[in-house]
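What follows is calculated from the coordinates using simple rules that are stated; it is not laboratory data. Here the structure is a predicted model, which is why all the values come from computation and not from measurement. Please note: Cβ atoms are built from the backbone with ideal geometry, for glycine as well, and neighbour counts cover all protein chains shown.
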Amino acid sequence: MPPPIMTNAKGKILWVDDEIELLRPHIIFLEERGYDITPVTTAEDAISLIKEQPYDVILLDEMLLGMDGLTALNHIKEINPSLPVVMITKSEEEMIMEEAIGGKIQDYLIKPVNPSQILMTCKRILESKKIERERLSRDYPSEFNKVAQMLLSPLSWEDWAQLYAKLSEWEVELDEHPGLGLRQALLDQKRSCNSEFARFIETNYRHWLAGEENRPMLSPDLVDGYIRPLLDNGERVVFIVIDNLRLDQWLTMEPYVYNAFHVTRDHYYAILPTATPYARNAIFSGLYPSDLEASYPELWSEGSDDEHSLNKYEDILLAEQLKRLKIDLKSDFKYLKLLDLKHTRMAYKNITSYAEMPFVAIVVNFVDFLAHSRSDSEVLKEIAPDEAAYRSLTESWFEHSILLKILQKIAQLGNTIVITSDHGSIRSMRGAKVLGDRETSTNLRYKFGKNIKCNAKQAVSINDPSEYRLPARKINTNYLIAKEDYYFVYPTDYHHYLNYYRDSFQHGGISMEEMILPLIKLNSK
């Protein structure tokens, strides 16, 4: 909605009340604070004025002589649907409140009103964006310095999760105020953080895999560590894995579930590489990739990391994990993979019967599809040219998605919902030259093969896959995992592919966006 037209520094207010003379002290109070007040005593006069000139807010008495306030509200909205109207009334009848709210009022005040109450309402409607911008401009530099100071000290995995959450919240907040000029500073700070985060992961990740006691929850721990306690508590759980969903994207989606759910927000760390065949298989199997290779050698035998071939056994892996953990569900569980609109509509149609089961697992592929499609589509790059637009596109999908309808239906059935992702993605902006033979994998953020090499500042080189609990695949296989926002490019036709893949959302590497993932619990209100 475009901002209201301001005739002075604060705004132009039309106050409609048949006892307007009694409100003269209120009017003077507002005028002293910079508002331009036009008082009228009838709805008819107010409607005539609204047709002739612009106003920023209407203060409308509900019990007027002649045309009443609710009737006047309908006329006002016909003239200008976006004009904010505050209904003021002596009545506390619920029916009148509902009619006013149905007429899309901005606020509802009960008489007698005091000047400060009116001032607060007008400030909220007319100046909230300005006040918020001023607060951000004032507070962000000090917060920026706090983060810079934090990076000078050793941080724990909990510190990194909290830091990333704060950065994500700032990103979403700044999306509402693009003209402040703070976004580039935040992007630069995120890049600095990701540089330190890569060092942190390179130092600590192998210790986590070796069984270090103080470590975060990792992909293979999710079912046992988070889902199992809910099932043991007798809750019916719907576990939703949205492929390639980042924390900042979830923050734009979260407000759409507030009406129906109490939201508990947590996090966990994805394993490396942060790619679907490794991370999502780890979630559903409860095993690290090397253990999965030992149990299912055929899974990695072809040398491909294609999701459709390597993630087609998730239902079997989940069933075996539940059996291994001795989780007694009393009845069968349901696994669904929503790859397209047909599958999603079918899930919505049957969700009531599925929700009767003790455990339902759902994989949603749309966000991953969106990220990959943007890489190949000039139209999507135009629609989502940067991080803010990419978040907005995800939010728009969720607002109108069948997934949201599924969640709303589950809210009526009382199941506990757990929403997470298998990995995130990062906007890849810098190329890293990689050397390898023809059998080297084609992934842009991680690679495996024989004798593959890259600058150590740009990637972690893994010569012993067992240290990272990765599949050995073949003798002498080694891995490269990109740090920060680097993506791999071969020397052959280097500049062509450098430009082709630049500014694409990729996953598989080491970054806060890819590794630190939202873990959301929704309980019906």
The Rg/Rh figure for the chain, Cα atoms and Kirkwood Rh, to two decimals is 1.06
Derived scalar couplings ³J(HN,Hα) [segment 113-125; Karplus, 6.51 cos²θ - 1.76 cosθ + 1.60; whole Hz; x for Gly, Pro]: 9, 9, x, 5, 5, 5, 4, 4, 5, 5, 4, 4, 6
Please give the contour-minus-distance gain from residue 149 to residue 435: 0.36 nm per residue of separation, less the Cα-Cα distance, rounded to one decimal in nm. 99.2 nm
How would you rank 190-196, 501-507, highest first, on the average number of other Cβ atoms within 10 Å across their residues? 501-507, 190-196
Could you give the length gained by full extension between residue 464 and residue 119, i.e. 0.36 nm per residue of separation minus their alpha carbon distance, to one decimal place? 117.5 nm
For the charge dipole of segment 189-333, defined by +1 on Lys and Arg C-beta atoms and -1 on Asp and Glu C-beta atoms about the Cα centroid, which residue among 244, 218, 193 has the Cα displaced farthest towards the positive pole? 193
Is the shape of segment 11-126 rounded, prolate or oblate, going by the alpha carbon gyration tensor and its root eigenvalues a ≥ b ≥ c, with a/c under 1.5 for rounded and a/b larger than b/c for prolate? rounded
Phi angles of segment 508-520, converted by Karplus (6.51 cos²θ - 1.76 cosθ + 1.60, θ = phi - 60°) into ³J(HN,Hα) in whole Hz with x for Gly and Pro, give x, x, 10, 7, 4, 4, 7, 9, 8, 10, x, 10, 10
Any chance you could run the full-extension gain for residue 207 through residue 258? It's 0.36 nm times the residue separation minus the Cα-Cα distance, nm to one decimal. 14.5 nm
Hey, if you put +1 on the Cβ of every Lys and Arg and -1 on every Asp and Glu Cβ in segment 39-188, which of 60, 82, 119 ends up farthest toward the positive end of that dipole? 119
I'd like the orientation of helix 43-52 relative to the chain: the angle between its Cα long axis and the longest Cα principal axis, in ° from 0 to 90, rounded to 10. 60 degrees
Calculate how steeply helix 366-376 sits against the longest principal axis of the alpha-carbon atoms of the chain, using the helix alpha-carbon long axis, and give the answer as 0 to 90 degrees to the nearest 10. 80 degrees
Helix-only [θ]222 nm of the chain, DSSP H runs n ≥ 4, -39500 (n - 2.57) each, per residue, nearest 500: -13500 deg cm²/dmol
Within the chain, percent of DSSP bridges classed antiparallel, to nearest 5: 40 percent
Highest-first arrangement of 199-205, 159-165, 12-18, where packing means the average Cβ count within 10 Å: 12-18, 159-165, 199-205
Fewest first, what order do 108, 390 take by the number of other Cβ atoms within 10 Å? 108, 390
Packing-based ranking, highest mean first, of 400-409, 426-435 given that Cβ atoms within 10 Å are counted: 426-435, 400-409
Proximal charge balance of residue 524 [Cβ under 13 Å; K/R count +1, D/E count -1]: +3
Compactness check, segment 427-506: C-alpha Rg relative to the 2.2 N^0.38 Å globular estimate gives 1.05
Which residues' amide hydrogens lie under 5 Å from the amide hydrogen of residue 239, considering only partners 5 or more residues apart or on another chain, with H built in the peptide plane? 360, 361, 362, 418
